[in-house]
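The structure follows.
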């Protein structure tokens, strides 16, 4: 299957599902998709990020070797969809490797504290940062302050995640 041709062709959920079915749990096929994700082509990165997300929703283990490189990709100028899907990937894997927690947390806080990012990026970042902060209670106040800062102009999706984060912090 020519993954690049599919990604740059018609953009649809149907096309993404074809890619997910093709990759399955095959590490070599997934590597080909990740190679396309890491290429410096704006539109290709955007579309590959969606396919990566959908693929790892079926098999989370595939993404593990690529997590550090995934974070480095966020240091580049990328489409908001790449940031959104990357934060969603970190939300999907639930337990961020300890060696990456600091970098992931810092990125989440950056997205949460900036007014330049869409609400979906902020919502996924809030969930990921909150999960990390459960292990490190000294980080929880920072997240609560960011929640308070965002709430006056937040969407329903953000408000729900903010409520979950606060409830999570109170339980611990």
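Could you look through the range 149-166, keep only residues that are surrounded by 11 or more Cβ atoms within 10 Å (Cβ to Cβ) and without any contact (Cβ under 8 Å) to a residue 12 or more places away in the chain, and pick out the one that is nearest to residue 114 (Cα to Cα)?
If we take residues in the range 149-166 being surrounded by 11 or more Cβ atoms within 10 Å (Cβ to Cβ) and without any contact (Cβ under 8 Å) to a residue 12 or more places away in the chain, then 151 is nearest to residue 114 (Cα to Cα).
While we're on this one: Going through the range 1-20 one residue at a time, which ones are surrounded by 12 or more Cβ atoms within 10 Å (Cβ to Cβ) and either part of a helix (DSSP H, G or I) or not assigned by TED's automatic domain parsing to the domain that holds residue 69 (or both)?
If the condition is that a residue be surrounded by 12 or more Cβ atoms within 10 Å (Cβ to Cβ) and either part of a helix (DSSP H, G or I) or not assigned by TED's automatic domain parsing to the domain that holds residue 69 (or both), then 3, 4, 6, 7, 8, 15, 16, 17, 18, 19, 20 are the ones that fit.
The values are calculated or read from the model by the stated rules, or taken from the named source; none is laboratory data. Only a predicted model underlies this, so the values are computations on that prediction, with no experimental measurement involved. Positions of Cβ are backbone-derived with ideal geometry, glycine not excepted, and every protein chain shown enters the neighbour counts.
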